[in-house]
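Structure, as structure tokens:
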Amino acid sequence: MHNTNSDASDEHRQVLKKLSGHLRNIIEQSIVLNAPDKVITDINKQLATIETIMQPYVTDKRALEYYNPNVRGDLNDIQPYSAVSGHYNALAAPIKFEQQQDKLIGRVKYGRAYEGPPNCVHGAIIAGVYDQLMAIAGMATGKAGPTAYLNIDYHKPTPLFEALEFQAWISLERDNKIIVKGQCLVQGEVVTSSEALFIVKALLNK
Ligand SMILES: CCCCC/C=C\C/C=C\C/C=C\C/C=C\CCCC(=O)SCCNC(=O)CCNC(=O)[C@H](O)C(C)(C)COP(=O)(O)OP(=O)(O)OC[C@H]1O[C@@H](n2cnc3c(N)ncnc32)[C@H](O)[C@@H]1OP(=O)(O)O
């Protein structure tokens, strides 16, 4: 179930990624759907058919890696199915991670499916981004481990439908502790900031 390697071809990865893209769009559409009952009933039937088509192929093993720290290229593929940043998980918004000098950057726009306060991103979604982004940023030390604490200051509301730039960088690395700091900018203004402690643990090796 928690495989760290996969022999999936590029083509297979592409069709899987496209599947989560469709599902992601459907989730967003479902939040702001104002259709007649008849239309929704028809949609429900078609979705039920899709579930039936998928069911025989559902196994206890993922097609792709659960965790792959040695990934080259797309940093989101360190955890392709991450609930926060996985491009193969429809629950995750299409956030894009990239390395920029000594910072790890996460760029994303959130839609209605992620709304907390009116027209703003839910605070728990913001916490999720920090947790994932900072965990991956901490991996630049060559070590990794679970989050012991994650503190967030919500300075200003974080708007939906706007380009968010999350940043994370290593603040301290000592023995088995890694402290990572982060902030999120909207049009150059800091709206939230964060600090997390990671305790280094042996990583999964199967
Ligand atoms: C891509 C992500 C990579 C992250 C790698 C993570 C795991 C690797 C496995 C698979 C990787 C795959 C993907 C990972 C998935 C998601 C990534 C996001 C990360 C998460 O979403 S992860 C979920 C939330 N996370 C938890 O579910 C942790 C539950 N928890 C525990 O498992 C223990 O609590 C633990 C291990 C944290 C510590 O336990 P422990 O027994 O190893 O260590 P101990 O308690 O002895 O503390 C040692 C020293 O840290 C100090 N210390 C401890 N806690 C502190 C605190 N809160 N504040 C201040 N200091 C603290 C002590 O004071 C002591 O300090 P000193 O050495 O100076 O005395």
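This table checks each residue for (1) within 18 Å of the chain's Cα centre (by Cα); (2) within 17 Å of Asp131 (Cβ to Cβ); (3) open to solvent by 60 Å² or more (accessible area, probe 1.4 Å).
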| site | (1), (2), (3) |
| --- | --- |
| Pro146 | yes, yes, yes |
| Tyr154 | no, yes, yes |
| Phe161 | yes, no, yes |
| Asn176 | no, no, yes |
| Ile179 | no, yes, no |
| Val186 | no, no, no |
| Ile199 | no, yes, no |
| Ala202 | no, no, yes |
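Picking from Thr52, Thr59, Thr41, which residue would you name as being in a helix (DSSP H, G or I), of a type in the set (Ser, Thr, Tyr) and open to solvent by 80 Å² or more (accessible area, probe 1.4 Å)?
Only one candidate passes the filter, namely Thr52.
Across the range 86-101, what is the total count of residues that are closer than 15 Å to Glu165 by Cα and either acidic (Asp, Glu) or surrounded by 18 or more Cβ atoms within 10 Å (Cβ to Cβ) (or both)?
4
Going through the range 41-97 one residue at a time, which ones are among the acidic types (Asp, Glu) and within 17 Å of the chain's Cα centre (by Cα)?
Glu65, Asp74, Asp77
All but one of (1) open to solvent by less than 20 Å² (accessible area, probe 1.4 Å); (2) away from the ligand (no atom under 16 Å from the Cβ); (3) without any contact (Cβ under 8 Å) to a residue 60 or more places away in the chain hold for Val129; state the number of the condition that does not hold.
Only one criterion is unmet by Val129, namely (2).
Just to be sure before I move on: is Asn34 within 16 Å of the ligand (Cβ to nearest atom) and open to solvent by 70 Å² or more (accessible area, probe 1.4 Å) in the structure I sent?
So Asn34 does not fit the description; no.
Which one of Ala113, Ala124 is out of contact with any Pro (no Cβ under 8 Å at 6 or more places or on another chain), more than 10 Å from the ligand (Cβ to nearest atom), without any contact (Cβ under 8 Å) to a residue 12 or more places away in the chain and outside any loop (DSSP other than H, G, I, E, B)?
Ala124
Considering only residues that are more than 20 Å from Gln99 (Cα to Cα) and either within 11 Å of the ligand (Cβ to nearest atom) or surrounded by fewer than 17 Cβ atoms within 10 Å (Cβ to Cβ) (or both), which ones fall in the range 64-80?
Glu65, Tyr66
Determine whether the range 13-20 contains at least one residue that is more than 16 Å from the ligand (Cβ to nearest atom), part of a helix (DSSP H, G or I) and within 19 Å of Ile125 (Cβ to Cβ).
So far as the range 13-20 goes, yes, one or more of its residues are more than 16 Å from the ligand (Cβ to nearest atom), part of a helix (DSSP H, G or I) and within 19 Å of Ile125 (Cβ to Cβ).
If you scan the range 101-126, which residues turn out to be over 12 Å from the mean Cα position of the chain (by Cα) and closer than 15 Å to Asp74 by Cβ?
Passing the criteria: Leu104, Ile105.
Is it true that Glu173 is within 14 Å of the ligand (Cβ to nearest atom) and in contact with a Lys or Arg (Cβ under 9 Å, 6 or more places away or on another chain)?
Criteria met by Glu173.
The values are calculated or read from the model by the stated rules, or taken from the named source; none is laboratory data. Computed from a prediction, not measured in an experiment: that's the story for all the values here. FYI the Cβ positions are ideal-geometry reconstructions off the backbone, even for glycines, and counts take in every protein chain you see. Please note that ligands, DNA and RNA were not included when accessible areas were found on the heavy atoms of the full protein model with its side chains. Shrake-Rupley method; radii C 1.70, N 1.55, O 1.52, S 1.80 Å.
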